[in-house]
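Comments concern the structure below.
Any read-out appearing in this document is the output of simple, stated calculations on the displayed coordinates, not a laboratory observation. Since the model is a prediction, treat every value here as computed from it, not as a measurement. Methodologically, a virtual Cβ is constructed for each residue, glycine included, from the backbone with ideal geometry; neighbour enumeration extends over all protein chains shown.
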Amino acid sequence: MRRFTLPLSLGLSVCLLAAGGLPRANAQAGKTKSERVRFETVDAVELEGTFWPGRGRKSPCALLLHKIGGKSHEDGWDDLAAALVKEGFAVLSFDFRGHGGSTSVGADFWKMAYNQRLVKGFRPGLKPPSTIALADFNPAYLPYLANDIAAARLYLDRKNDNSECNVSNLVVIGAEDGATLGALWLASECYRYRLLASAVLGGQARMNSKPESKDVVAFVSLSMSKSLGKNYNVSGALTGWIREAGKDQKVPMAFVYGKGDQAADRSALEFVRLIRGPNYKRGSKAVSTDEYKATGDKEIDAKLTGSKLLKGGAEKWIAESYLGKVILNSSKADAEWEKREAENAQFVWSFGRGRPMLAKNQGEKNLNPLPLNLLGLR
């Protein structure tokens with residue numbers, strides 16, 4: 001029997017499951033053709049991905065993140081994308097750098113000190129390699145893969161401006177340490193603000209009142225890991241990332257795990273308690289005023305982990321039950337489409353102390369490398 005401890009399981013909240021919300025696509029939507037896409041990161045990695053169109057400006061977006069060592073088309077990722085398109089989403093999946101089709105780098109890649117230091121192949125005075133692979137990465141390099149997610153987000157901003165989706169309603173779904181990278185990126189979005197004016201007044205930039213994490217209407221993890229790869233433990237920092245996004249910014253989070261996976265089971269409960277409080281008990285029902293009512297954990301009745309859960313029942317639950325019937329019918333996902341002017345926009349990271357850091361200037365396609373040291377990582 002499947003155990004669903006999110007308080008907003010089927011039928012538990014009249015206000016969220018009432019008529020209304022975003023209209024559904026027809027049954028043929030799952031057959032929508034996808035397109036292969038390429039986009040570049042801030043450090044000149046060419047990422048290869050797949051974009052499934054939705055229904056223009058009415059379509060919320062879903063961003064899919066495979067595990068480190070995996071690929072964007074393995075296990076059930078494409079099936080999940082088709083199910084999400086059927087629910088009205090536009091979907092983007094991609095291969096992280098060093099994975100699948102994302103192995104080509106430009107000359108500027110090797111100008112970055114962290115790439116010189118933590119990726120095999122750089123030799124001063126010699127022509128550097130034009131390709132990279134996961135095997136080339138030092139374990140300490142893995143957090144830098146979060147820059148790929150930042151590039152994917154701005155790619156969706158450009159799709160938004162082309163009226164192909166509504167990035168104001170963005171869902172992030174990750175598996176294992178791909179979800180961990182997603183949590184790192186999402187935490188960085190909690191500190192990224194659009195500049196409303198380029199002038200700095202009184203020592204403080206004039207920023208939007210809300211951080212860019214406001215656009216993320218749900219974060220779903222499949223067997224989230226507390227490490228990146230096999231050897232880079234980020235459990236302490238991960239606690240902060242989940243608290244910042246899930247509790248402070250109230251981004252709804254669903255922690256999914258397989259039957260019998262005791263480690264993921266314990267972690268899911270721990271993560272929910274970080275957000276809902278230490279007294280949270282599974283099976284407890286939320287009152288209609290509970291601001292965290294769409295956050296919880298979900299056991300899939302299959303002895304599987306990570307993206308393999310998508311073939312064990314998680315695909316349908318995520319697309320139809322959680323996103324389709326809870327998130328898309330909530331006030332969280334009712335943001336109207338707005339033009340982002342992705343390349344003209346200016347952004348800063350503001351951590352509440354000192355002057356804001358420039359995240360992106362006008363005319364640039366990507367954010368500067370994420371400030372990992374200010375997000376709990378050395």
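Using only alpha carbons, the chain has a radius of gyration to Kirkwood radius ratio (Rg to Rh) of 0.95.
Here is the P(r) of the stretch 287-361: all C-alpha pair distances, binned every 10 Å from 0, give 14, 25, 23, 29, 8 in whole percents.
For the chain, the antiparallel share of DSSP beta bridges with both residues in that region comes to about 50%. Taking only the C-alpha atoms of the stretch 240-378, Rg followed by Dmax gives 18.5, 50 Å.
Run the count for the stretch 84-219, please: Lys pairs, Cα-Cα under 26 angstrom, 8 or more apart or on different chains.
Details: Lys86/Lys159; Lys86/Lys214; Lys111/Lys120; Lys111/Lys127; Lys159/Lys210; Lys159/Lys214.
Eligible lysine pairs with Cα atoms under 26 Å apart amount to 6.
The simple spin-label model puts a point 7 Å past each Cα toward its Cβ; for Lys230 and Lys250 those points are separated by 4.4 nm. Computed over Cα pairs, the Kirkwood radius of the stretch 90-242 leads via Stokes-Einstein (0.890 mPa s, 25 °C) to a diffusion coefficient of 141 µm² per second. When Rg and the Kirkwood radius Rh are both evaluated on Cα atoms of the stretch 171-279, their ratio Rg/Rh stands at 1.06. For the stretch 282-341, lysine pairs separated by 8 or more sequence positions, or belonging to different chains, with Cα-Cα distances below 22 Å total 18.
Against the chain, whose longest principal axis is taken from its Cα atoms, helix 77-86 shows a tilt of about 60°. Take every Cα pair under 8 Å whose residues are at least 6 apart in sequence, average their separation, divide by the length of the stretch 240-378, and the relative contact order is 19 percent.
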